[in-house]
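The values are calculated or read from the model by the stated rules, or taken from the named source; none is laboratory data. Quick caveat, the model's predicted, so the values are computed rather than measured. Here the Cβ positions follow ideal geometry from the backbone for every residue, glycine too, while neighbour counts run over all protein chains shown.
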Amino acid sequence: MNHIYPAVFFLLLAAVANTARGDWTTLYGAAREEARQVSSSSLAVPLSQEEWNATAPQRREMWREMLGLSPLPPRSPLNAAVTGVLERGDYVVEKVHFQCLPGAYVIGNLYRPAKITGRLPAVLYLCGHSKGKVNPPYQANPRWFGQHGYVALVLDPIQLGESQGIHHGTYREGRWDWPSRGYTPAGTEVWNAMRALDYLETRPDVDADRMGVTGLSGGGVISWCLGAADERVKVVVPVCQSGSIEHVVTDRATDGHCDCAFWINYYRWCWPDLGALIAPRSLLIASGSEDVLWRPYGYRDVANRIRHQYAALGAADHFDLVEDMTPHGYTPKLRQAIFTWFNTHLKGDPTPVADDVTDFVEPEENLLVFGGKLPENDEMRRIDELLVKKADVPAIADEAAWREYQKKTLARLRDVTFRTTLPERVPRQRDYRADGNDKTATMATYVFDSFDGMTLSIKTRRPDRAPCPMPTLAFAVQPDAQSTFSGGGSSRPRVGEGLATAAVEVRNTGATSVGPGYLWTARRTYPLLGQTLPERQTSDLLAAIKLLSEEPATGPIAVYGQGHTAPLAVYAAVLDPQIAEIVLADPPATHEDPATPEFLGVLRFGDLPQNLALVYPRPITFVGNMPEAYQWTKQLYEKLGAGDRIRVVKSVGEWRPR
């Protein structure tokens, strides 16, 4: 060390520090920084008893909203049925099904003691993603409970066992409409579990005041989710599915999880926030220190924050962490700690459990509820379309009614879908470069920092003889554009004389473009941060417009979007009332199409035609033709006496600002 010059040494230290932090100018680096902010602020200071009491109802409703369960679906008849019973000496297995929504089947096995003399504590056991209830570990654990004085109900997760539907939406099926719907299969699993509690409450052998939940892997995360959503659960024990948003984003652990591992994070919560909702009920985190999906630095920090919350509520003995040096899965140490925890907090018996699960494996066919023939037309197949309440756009009688609806919807969009999109400040300009003149116009490049720290560019083209300030058409560069050279390249529309253009290299275009090696990860990561990639691109577009509007040469700014970038233009105009006009070419018709850019929960407030109308009374121009879906927008404008503000032109070259 003594042989290194001091200046060089400090440069090396700085380089190491920058490497550790990650390059914030990239998609990955910016996401890491956002994730750090989310996790570091989560329950940083525990709530006092007074704060906890005052905020618990609102926080619980916010949590249900992030699961797609606000408002809760109607509690329709369960139509529960037992299709068979297995007598196994000291325990019995009942083959059970019920309906969480009309025609949507939830399937499980119920383990109980053979002899019952009164109401027993109940444990809801939630499976990970293998074979569901027939998988040996998912037989063994509820069987232990059934042999030791509990009623234990184990459920098949959707897409596994006898449960239909899919949970691999964005993971495998390209269902990018799910974020726009505000749908996560975690919400379905929680709703199924809530209806399972409803079912358990109907049974004469269950004490409804002593119910708990546990599960491994995917069942572990749903244990967290259910415990935070439903206060009927008195004991919560997630196994090998505990960590932090920062860890998941930094390690790219999203790549190893299907969609039901996460919620739609509108309010930027992390696991400690769930723990604060479960408190002061009994919570035990069980983890394996060698788990590749959930690393110790994540779950230990989460546990530490939750422990302080329990202490603040005077319930320190109702929380603990147990871990073992093991990969993702159970060990005898973990199981015995779990069984002891349930005995302590549901039976009042803290005696350490010394026995473990048995090796017996029931043949799979014996446990099938439907005997190999699944129900036809099971509504679970389209639960992603049924669970989350869609927008209810009222019939508008007059302008006053629309203005009221417009005000409320804009406020909700800003609070939920676009919560982090538009900070009230001008972005930092890093550089300005004069890019020459092609004898008709002058080109320039502005380099600026996005609101979350990425370095992006604007390519402007201003006609030489146009008076200042000149009208400007701003647009996001197309994701497949190979070049933005000389004022925007192929993404720049051919506008009429006297009009300036501004091509914004939003993230994942131009110099920040990423390939398939990270794009899929990025699109699945952003919802954990309360964002989406198209929402971030909209934020970038708005930042560029804010910067350009400071220039004396810039007159009224209109936004243009074609195909993929049309929704970006729509929502930029919805969020920024200073944008004078919207120009759209080939806009997608609906967010229900997985090919349409995704925005978190936007369909809960309106689809593209309805949300476009939120810019009323500003003018809207369609290029080429107006898709049929946007007749809704036109008819509303006409009803409000502004029909002439929606027009169709053959080409962008024919467009002139209103």
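How many residues does the range 619-640 hold that are among the charged types (D, E, K, R), surrounded by fewer than 19 Cβ atoms within 10 Å (Cβ to Cβ) and over 32 Å from the mean Cα position of the chain (by Cα)? Counting residues in the range 619-640 that are among the charged types (D, E, K, R), surrounded by fewer than 19 Cβ atoms within 10 Å (Cβ to Cβ) and over 32 Å from the mean Cα position of the chain (by Cα) gives 2.
Kindly establish whether LEU374 is among the hydrophobic types (A, V, I, L, M, F, W, C), touching an Asp or Glu at 6+ places or on another chain (Cβ under 7 Å) and either modelled with pLDDT under 95 or under 30 Å from PRO185 (Cβ atoms) (or both). So LEU374 fits the description; yes.
Specify which of the listed residues (ASP593, ASP644) is over 27 Å from SER457 (Cβ atoms), among the acidic types (Asp, Glu) and part of a loop (DSSP other than H, G, I, E, B).
Result of the check over ASP593, ASP644: ASP593.
Scan the range 463-487 residue by residue and report those that are polar (S, T, N, Q) and within 15 Å of ALA441 (Cα to Cα).
Scanning the range 463-487 gives THR472, SER486.
Taking the listed residues TRP263, TRP224, TRP294, the one that is in contact (Cβ under 8 Å) with a residue 12 or more places away in the chain and part of a helix (DSSP H, G or I) is TRP224, with no other qualifying.
In the set (1) part of a loop (DSSP other than H, G, I, E, B); (2) surrounded by fewer than 23 Cβ atoms within 10 Å (Cβ to Cβ), LEU600 fails one condition alone, (2). Return yes when ARG59 is modelled with pLDDT of 95 or more, closer than 27 Å to VAL206 by Cα, assigned to a helix (DSSP H, G or I) and within 29 Å of the chain's Cα centre (by Cα) and no when it is not. Criteria not met by ARG59.
Can you name the residue in the range 367-401 that is farther than 30 Å from GLY174 by Cα and in contact with a strand residue (DSSP E or B) (Cβ under 6 Å, 6 or more places away or on another chain) and, of all such residues, is surrounded by the fewest Cβ atoms within 10 Å (Cβ to Cβ)? Among residues in the range 367-401 that are farther than 30 Å from GLY174 by Cα and in contact with a strand residue (DSSP E or B) (Cβ under 6 Å, 6 or more places away or on another chain), the one surrounded by the fewest Cβ atoms within 10 Å (Cβ to Cβ) is LEU367.
Within the range 492-524, the residues that satisfy the criterion of being in a helix (DSSP H, G or I) and either outside the structural domain of GLU598 (by TED's automatic domain parsing) or touching an Asp or Glu at 6+ places or on another chain (Cβ under 9 Å) (or both) are ALA511, THR512, TRP520, THR521, ARG523, ARG524.
Number of residues in the range 339-351 that are under 17 Å from PHE319 (Cβ atoms) and surrounded by 22 or more Cβ atoms within 10 Å (Cβ to Cβ) equals 4. Filtering the range 641-658 to residues that are under 24 Å from VAL393 (Cα atoms) and over 35 Å from the mean Cα position of the chain (by Cα) leaves GLY641, ALA642, GLY643, ASP644, ARG645, ARG647.
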